[in-house]
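So the structure is just underneath, and the comments pick up after that.
The values are calculated or read from the model by the stated rules, or taken from the named source; none is laboratory data. In this text, all values refer to a predicted model and were calculated from it rather than measured experimentally. Cβ coordinates were reconstructed from backbone atoms using ideal geometry, including for glycine residues, and neighbour counts include every protein chain displayed. Just so you know, the surface numbers come from the protein's heavy atoms only, side chains and all, with ligands and any DNA or RNA stripped out. Shrake-Rupley method; radii C 1.70, N 1.55, O 1.52, S 1.80 Å.
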Amino acid sequence: MRRGRVGLAAILPFLWLALFFAFPFLLVTKLSLSHTVLAIPPYAPQLDLSQGLAGLKVFLDGLDTTTYARLAQDRLYLDAYLSSLRIAAMAAVLLLLIGYPIAYGISRCPPGLRLALVMAVILPFWTSFLIRIYAWIAILKPAGILNAALAGLGLPPVDILNTETAVLLGLVYAYLPFMVLPLYAVLDRQDESLIEAAQDLGATPLAAFWRVTFPLSLPGAAAGALLCFIPMAGEFVIPDLLGGSETLMLGRVIWTEFFANRDWPAASAVAIVLLATLAVPILLFEREQGKVLS
Amino acid sequence: MSGRPQIGGARQTFAPWDDPAARPLVRFEGVSKGFDGAVAVDDVSLSIYEREFFALLGPSGCGKTTLMRLLAGFETPDAGRILLEGRDLGPEPPHRRPVHMMFQAYALFPHLSVAENIAFGLKRQGVARAEIAARIEEMLALVKLEGLGRRRPDQLSGGQRQRVALARALAPRPRILLLDEPMAALDKKLREETQFELMALQQTLGTTFMIVTHDQDEAMVVADRIAVMREGRIVQVGRPVEIYEAPADRYVAGFVGDVNLFEGRIAACEGPLIRLATDDGALDAEGAGVVGDAAWLAVRPEKVAVHTEPPADGRNRLAGTVLDYGYLGDWTTYLVETRPGRTIRAARANATRTLLRPLGCGDPVWLTFAPSSAVVLTK
Amino acid sequence: MRGWLKALGFAAAVTLAACGPKAPEDSAPQAGGTLRIYNWSDYIDPALLAQFTKETGIKVTYDTFDSNEVLETKVLQGNTGYDLVVPSNHNVPRYITAGAIAPLDKSQLPGLDKLSSATMLHMAPFDPGAKYAVPYMQGTIGIGYNEDAVAKRLPGVKVDSWAVVFDPANLAKLKDCGVYFLDASEDMYAVALNYLGKDPNSKLAADYKAATALLMKARPYVRKFHSSEYIEALANGDICVAVGYSGDVLQARSRAAEAKNKVKIAYAVPKEGSQVWFDVFTIPRDAPNPTAAHRFMAFMLRPEIIAKASNFTEYANANAAATALVDEALRNDPNVYPTRELSDRLFVTTTKDQALLRDVNRQWTKVLTGR
C-alpha cells in the first residue's frame, strides 16, 4: 500500500513531463518532418493506424528532412535566431541592472512594507498583458504621453515606437517581475548576520555588499536571467506591437511560416531548432534552480 | 563588594577589577537602549579589563545580546556611552571597531572556503598576502583544523564550523572578542570539551573575551567574572564563586544553581550572624541587615545535611519526611517535606558505591545547615 | 464538452425566445441553438446581430480576425466550431480544394437573386457556379491620407497615383508625418506589380523581383507594416498616409470626425488601378449548426438589412436591391460604390500555388526586415 503510493508520487512528475512536454514535442517533431498539402489538416503524411504496420511504414516513408534543409539554405533563419538571442540577451542584462536594485531595495525594507512592495511588483499582472503593452504604444507614439512630457520639460521629442528600443523597453517592462521575484527570494532569505559578520570583520557596507550579498545572490540572478531569457527569445507579441518591421525575431518568423505561408512543417522546424538551442540554457537553469533550492 | 565577606579572594591573583589604578579595556557608562518603546538595556555601567574572560549571563530577552551588539556597533545607544581604552566608540561604525564577534549561528560565508573565511578580516585590514597565508595556518593550527583550509563551510561538522568561526574572528587580532552563545549549537559533551578549549585558547592568546550565555554552568566554568542581567539591568557582577555563594538577591540566587529560600523578619544581629524569624522557626545565617526588616535566608541544597537520626545541636534544624529523591550518579537530591506544602531540597554526594539505598520515600529525616553556609538576602 | 456547451446555449436561447417578444413577420419555425460567426473585426453592426437573434431565437457568438491568413490557418485545422466564416475571394479556391467549406443549400437562401450580377461575374473564377459563397461586402485597396498634412508636405500634388506612396521622392517628404503599409504580401505585391505596369497576378519570378525592388526603395520611409493599426493611427493624426482597405480608411475618417480633432481623412483609389476584393460568407464543412448559418445568410440577403450593414461598415455590399437603401452619402461615394470608369481600373487577385506563395512571402519578409 505504502509502496504503491510512493511509486505513484515518483511517477507523477514523469507523467506530467510525458504528457505536457514529450508528447507535444514528438507531435511538433513529426510535423517538422512532414510537408504541406492543401487539405484539412494542411500537412501530410497522416498516420493511418487502421492499416496497421503497413500504415505506419507508409507514414514513416512519407517523412523527410527537406524542411530543415530549406532552413539551412536561407540566412534569414540564422539571422532571426541571432537577432532573437541578441535582443533577449540585451533585455536580460537590462533586467538585471534594473531588477537587482529593486529586489535589493525591497529585501532591505521593514517586513510589513516588503510584502506591500512585492505585491506592487506583481500587481500589474492583474491587468491584461495586451492592455499593458497597448498602453506603451500610447506612451511612446510620436504624439504620445512621453513626448508631451518631454515637450513640457522643453526637451526635444523622441521617436522610439516601432524600433528595437521600444521592444527592449516592452520586454524589460513585461518581464521585470520574473527577474525581481527570484532575486528577491534569494536576497530576502539571505542571513542578515552574514552582512553583520562582514562589517564586524572590517568590511564597509559597500564592501560587505560586493563580497557577501552579491556573490550569494548570483544563483537568484542566474535564475531570473534564464527565466526571462528563454521566453523573451521566443517572444512574439511585444516585438509585433512595439517593434518595427526590421525587428527580426523568431516569433515573427514562426508566425509568417504558420500563417502567411500556411507552412506548418516549416513553422514546426523553426520551433524545434529554437527548442534545441534553448535546451542548453534550460538545463543550466535547472541546475541553478537546484542550487537555489538547496 | 564592601560590607560583604570576601570568599576565596585571597588566593585570586588575576583581579584587575579590585585594583583602583587599573584602567578598564571596555567601559559602559549609563548605557540604555530601547526597541519600539520596550527597554532592552537600562542604564548599564560596566567595566571589562584586559585579558579578562567576561560572561554576560541571563535568560533570553534580558538584554545581554543587545549589550554585546552595542559594543560591536550593530546598535546605537539611546543614552550613555561605550569607551574602548578610554576612547568613545560612539561615532565608530562596526567595521572600524577593533572588536570582533563570533556569531551564534557562526555566520560563516558559505561561498568562501575555510581559509578565505579566515582571511576575510585580514584582507579588509590590508594585511600583506604572505602574512595572510601565515596567519591562516597559524589560526588553523590554533583551532586544530590543519589541512581543512580548502573546505567549504557546508563540508564541515557543527563543531568544525564553530572553530572556523572562532578562527575567523580571532585572525585580525581583535582587542576584544565577543562570543554570542558560542556553544548553543553543540551537544552537551562537545560543549563541555569546547568550554575548556576556549579557556585554554584565551589563556594562550591573552585576548579579552566577552561571552553571552544563558547557561549558568557555562558561565561558571569559563568566566573570570560574570554579570547577571535581568530585564535590561545588571543585577550583580562578580567572580563565579561570589555569584554562587554570595548572590546579591533572590533572583541571582535562584538563577544560578538551586536554592532553598526561607522568608522571614530579622530578629537579631549577632556579629556576622543574623537570626531570622521564619514560619519554619528561627534560623541563623551570615549577612547584614536591620532588625525588623523583611529578609530571606538562602541555602544551597548541597549545603543542607541529611540525617536519619535526630542531630544533637538545635541550630538550623528541620525535621521532615522524604517526599521524593533523584539519583544523579554523583549526587542524590532529596525533596524533603518539613510541613504540609513546604519542601526543602538537600543534595548528598555519593561518596561511596552504596547500592543499597539508605533512604527512601516516606522515611523520617532531619535537615541541618551551618549558619556560615547560608546567606541572608534583603531583596 | 462541446455537446454540453451547446445544450447550455440552446437552453439559454429557448429561455430568451420564450421571454422575448415574438418575431412579428417570421413565419418560419424557430431554428434555436447558437450561431458561431468568425468575421473580420469591425465588420458588422452589432444591432443587426441583436435583431437576428430577436427574429430567429438563434443566439450569436461572434469572434473576429484581422487577416485572411489567420482565418485560413484556423479553418484548415478543422473542428473550429464556427458555423460561418468570411474569407476573401482569392482564398476561396483554396478552401474548396482543401474541402474545408460545404456547398450551400440554395433552397434555404431565398434572396440570392438580388445579388449584383457584376459581383457574381467577378466571383465566378473563384467559386464556379456560386456553389459555396454568398458575397457580403466589397472594397478596394487605396491610399488613406490626412488631407492637411499631405497638402503641406506635397503642395500641389493630387493624391491620385500610387507614385505618392511608391516614389521615394514623395515618400521622403512624407516620412516625418508617418507612412503605414499593409502587412499583407499578396495585396501589396498585386498593387505594386500593377503600378509597374505588370500583371498583378503574374506568375513570373522576374516580375516579383522588380516589385520587391520597388518596395525596398519605399521601405526606409515606411514607419510600420501593419494591417489594422492604421485605422486608429490615421484617425488620431499619428500618421498621414496609409496604404489600406477602403472601408477601414473611411472608418478612420468617421472616427476622426466624431472625435472633432480637426483631422480630415480622405481615401483615393489611384488612377493606375487597384485591387478590388470581395468578402464572402461560407460555411465550414464541419459546422455544428449549418441551418443557423443559412438562416443568417438569408437574413443578410434582405436588402433593408444589408443596407444597414453597409451604413455601418462603409463598404459597398453585393446586393443590387439594397443600393437604393444605403445612405446617400455612401452610395454616391465613388470610393465605396465605384463608378463605371473606376470599375474598369479595378482587378481581382487570383489564387497562388504553394511554391509561388512561399516565394512571394519570402520576398515580403525581405521587404519587412531588410534581410
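Going by the conditions given, is B:L148 away from chain A (no Cβ under 14 Å) and touching an Asp or Glu at 6+ places or on another chain (Cβ under 9 Å)?
No: the conditions fail for B:L148.
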Looking only at the stretch B:214-233, which residues are closer than 17 Å to B:L377 by Cβ and either outside the structural domain of B:G61 (by TED's automatic domain parsing) or surrounded by 21 or more Cβ atoms within 10 Å (Cβ to Cβ) (or both)? B:V228
Here are B:A21, B:A55: which of them is surrounded by fewer than 19 Cβ atoms within 10 Å (Cβ to Cβ) and either under 25 Å from B:R239 (Cβ atoms) or within 14 Å of chain A (Cβ to nearest Cβ) (or both)? B:A21
Restrict the check to the stretch C:232-249 and report whether at least one residue is open to solvent by 40 Å² or more (accessible area, probe 1.4 Å), of a type outside the set (D, E) and more than 15 Å from A:L161 (Cβ to Cβ). no
Could you check, for the stretch B:310-324, whether at least one of its residues is in contact with a Cys (Cβ under 6 Å, 6 or more places away or on another chain) and touching a residue at least 40 places away in the same chain (Cβ under 8 Å)? yes
Let me spell it out: the conditions are (1) touching a residue at least 12 places away in the same chain (Cβ under 8 Å); (2) more than 14 Å from chain A (Cβ to nearest Cβ), and C:A256 meets all of them except one. Which number is the exception? (2)
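If I ask for residues that are surrounded by 15 or more Cβ atoms within 10 Å (Cβ to Cβ) and over 29 Å from C:Y267 (Cα atoms), which ones from the stretch C:115-144 would you list?
Selection gives C:D127, C:A130, C:Y132.
This table checks each residue for (1) surrounded by 16 or more Cβ atoms within 10 Å (Cβ to Cβ); (2) within 28 Å of B:G63 (Cβ to Cβ); (3) assigned by TED's automatic domain parsing to the domain that holds B:A133.
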position	(1), (2), (3)
B:G158	no, yes, yes
B:R161	yes, yes, yes
B:V164	yes, no, yes
B:R168	yes, yes, yes
B:L179	yes, yes, yes
B:T194	yes, yes, yes
B:L198	yes, yes, yes
B:G206	no, no, yes
Restricting attention to the stretch A:212-267, report how many residues are of a type in the set (D, E, K, R) and in a helix (DSSP H, G or I). 3
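With C:R345, C:R331, C:R358 as the choices, which residue is in contact with a Phe, Trp or Tyr (Cβ under 9 Å, 6 or more places away or on another chain) and of a type in the set (K, R)?
C:R331
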Considering only the stretch A:233-262, state which residues are more than 17 Å from the chain's Cα centre (by Cα) and facing another protein chain (nearest Cβ under 7 Å). A:G244, A:S245, A:E246, A:T256, A:F258, A:F259, A:A260, A:N261, A:R262
Checked against (1) away from chain A (no Cβ under 14 Å); (2) within 30 Å of C:L215 (Cα to Cα); (3) out of contact with any Leu (no Cβ under 9 Å at 6 or more places or on another chain), C:Q275 satisfies every condition except (3)
Taking B:A319 as the residue in question, decide whether it is in the same structural domain as B:E270 (by TED's automatic domain parsing), under 18 Å from B:N260 (Cβ atoms), touching a helix residue (DSSP H, G or I) at 6+ places or on another chain (Cβ under 6 Å) and outside any loop (DSSP other than H, G, I, E, B). no
Could you give every pair whose Cβ atoms fall below 9 Å, whose first residue belongs to the stretch A:98-116 and is open to solvent by less than 60 Å² (accessible area, probe 1.4 Å), and whose second residue is in a loop (DSSP other than H, G, I, E, B), counting only separations of at least 6 or pairs across chains? A:S107/A:Q190; A:R114/A:R108; A:A116/A:C109
Answer yes or no: is there a residue in the stretch B:106-122 that is closer than 29 Å to B:Q203 by Cβ, within 32 Å of the chain's Cα centre (by Cα) and more than 13 Å from chain A (Cβ to nearest Cβ). yes
Condition check for B:G73: farther than 24 Å from B:E245 by Cα and away from every other protein chain (no Cβ under 14 Å): no
For B:L261, work out the one condition from (1) surrounded by fewer than 17 Cβ atoms within 10 Å (Cβ to Cβ); (2) part of a helix (DSSP H, G or I); (3) touching a residue at least 24 places away in the same chain (Cβ under 8 Å); (4) of a type outside the set (D, E, K, R) it doesn't fulfil. (2)
Residues satisfying the stated conditions in the stretch B:269-288, i.e. touching a Leu at 6+ places or on another chain (Cβ under 9 Å) and open to solvent by 10 Å² or more (accessible area, probe 1.4 Å): B:R275, B:A277, B:T278, B:D280, B:G281, B:A282, B:E286, B:G287
Suppose the filter is surrounded by 11 or more Cβ atoms within 10 Å (Cβ to Cβ) and within 20 Å of A:F236 (Cα to Cα); does A:A149 pass it? no
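Looking at the stretch A:51-60, can you tell me whether even one residue there is under 20 Å from A:A271 (Cβ atoms) and free of Cβ contacts under 8 Å to residues at least 60 places away in the same chain?
no
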The lone exception for C:R153 - which of (1) open to solvent by 60 Å² or more (accessible area, probe 1.4 Å); (2) of a type outside the set (A, V, I, L, M); (3) more than 14 Å from chain A (Cβ to nearest Cβ) it fails: (1)
Over the stretch C:43-101, the set of residues within 14 Å of chain A (Cβ to nearest Cβ), open to solvent by 30 Å² or more (accessible area, probe 1.4 Å) and under 13 Å from the mean Cα position of the chain (by Cα) is C:D66
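Table: residues versus (1) open to solvent by less than 40 Å² (accessible area, probe 1.4 Å); (2) within 14 Å of chain A (Cβ to nearest Cβ); (3) over 22 Å from C:P87 (Cα atoms).
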site: C:A287; (1), (2), (3): yes, yes, no
site: C:A293; (1), (2), (3): yes, no, no
site: C:N311; (1), (2), (3): no, no, no
site: C:N317; (1), (2), (3): yes, no, no
site: C:V326; (1), (2), (3): yes, no, yes
site: C:A329; (1), (2), (3): no, no, yes
site: C:F347; (1), (2), (3): yes, no, no
site: C:L356; (1), (2), (3): yes, yes, no
